[in-house]
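Take a look at the structure below.
The values are calculated or read from the model by the stated rules, or taken from the named source; none is laboratory data. No experiment lies behind these values; they were computed from the predicted model shown. For neighbour counting, all protein chains shown are included, and Cβ atoms are generated from backbone atoms with ideal geometry for every residue, glycine included.
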Amino acid sequence: MSEHTQGIPLQAMLTKQMIASGDYLLNFGHIPEGILWTLERIEQSMHDTLSRRPDQGDFWIFGYGSLIWNPLLSFAGQQAATLHGWHRSFCLRMIAGRATAERPGRMLALEPGGSTQGIAFRLTEAMADEELLLLWIREMPTGAYQPVWTRIELEDGREVTALVFVAAPDHPLYESDSTVAAIASSIARAEGPMGSNADYVHKLSAALADSGMTDEYIDTLSAHIMF
């Protein structure tokens with residue numbers, strides 16, 4: 001495997017500068033036409049979602065994957081939080097970033113049912129425009145997620161409305177079988193310019209443990225791909 005892919009060093013740590021400069025999107029240059037979104041389409045998705053926001057004031061972003069250990073957000077506060085009605089699922093086929101088209105992996109999302117523990121990040125309205133655009137570029141290069149507004153329960157007992165990126169089941173990259181048995185082998189093999197798919201799983205499992213949280217699905221998957 002070459003030292004660089006599409007100009008990005010292998011196993012490069014995702015940074016805010018990488019997203020802002022456009023380098024991050026270079027990881028997706030080989031995705032089939034029609035799946036990769038343009039920056040204009042990403043921005044339109046953000047504006048459409050913000051137009052449906054049910055309340056005003058500070059923004060809350062619910063992080064359940066890499067946002068937990070690498071948020072890249074300039075946030076005004078954070079709290080542990082629980083999202084009811086959704087569970088973690090590696091239900092999106094991944095062919096860029098931590099995988100390639102030749103060695104596809106799986107990308108984490110949320111699907112209906114159960115509950116999810118994560119981290120809620122608070123953004124003030126003053127900082128929201130810039131931060132949300134960077135978040136959209138990070139999360140929506142292919143539109144495989146559906147951004148929704150939903151209620152979460154904060155650690156301090158309050159309920160607030162948060163922005164959450166869940167799986168878009170009608171997307172071409174969606175896979176209906178996300179059981180550990182179905183995905184472990186492909187995740188164990190997948191690797192791309194942003195590192196290995198397995199490393200993502202292990203980092204998430206460790207980050208949840210460090211935050212005093214558990215997810216049996218993530219821990220079981222991490223154990224299956226340990227070696």
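Some observations on this one:
- Answer residue from the stretch 142-175, given it is acidic (Asp, Glu) and in contact (Cβ under 8 Å) with a residue 12 or more places away in the chain and is surrounded by the most Cβ atoms within 10 Å (Cβ to Cβ) among those: GLU175
- Residue count for the stretch 67-89, restricted to those that are closer than 21 Å to VAL201 by Cβ, of a type outside the set (Phe, Trp, Tyr) and surrounded by fewer than 19 Cβ atoms within 10 Å (Cβ to Cβ): 5
- Within the stretch 104-127, the residues that satisfy the criterion of being small (Gly, Ala, Ser) and surrounded by 18 or more Cβ atoms within 10 Å (Cβ to Cβ) are GLY105, ALA109, GLY118, ALA120.
- Selection from the stretch 179-202 of residues that are touching a helix residue (DSSP H, G or I) at 6+ places or on another chain (Cβ under 6 Å) and modelled with pLDDT of 95 or more: VAL180, ALA184, ILE187, ALA188, ALA190, ASN197, ALA198, VAL201, HIS202
- The stretch 169-187: number of residues that are of a type in the set (A, V, I, L, M, F, W, C) and farther than 10 Å from ARG106 by Cα: 3
- Verdict on GLN44 being polar (S, T, N, Q), modelled with pLDDT of 95 or more and in a helix (DSSP H, G or I): yes
- Tally, over the stretch 90-103, of residues that are surrounded by 20 or more Cβ atoms within 10 Å (Cβ to Cβ), at negative phi and out of contact with any Leu (no Cβ under 6 Å at 6 or more places or on another chain): 6
- Among the candidates MET1, MET13, MET18, the residue that is assigned to a helix (DSSP H, G or I) and either within 17 Å of LEU132 (Cβ to Cβ) or modelled with pLDDT under 95 (or both) is uniquely MET18.
- Among helices (runs of 4 or more DSSP H) entirely within the stretch 111-227, having at least 3 residues that are among the small types (Gly, Ala, Ser) singles out 180-189, 197-210.
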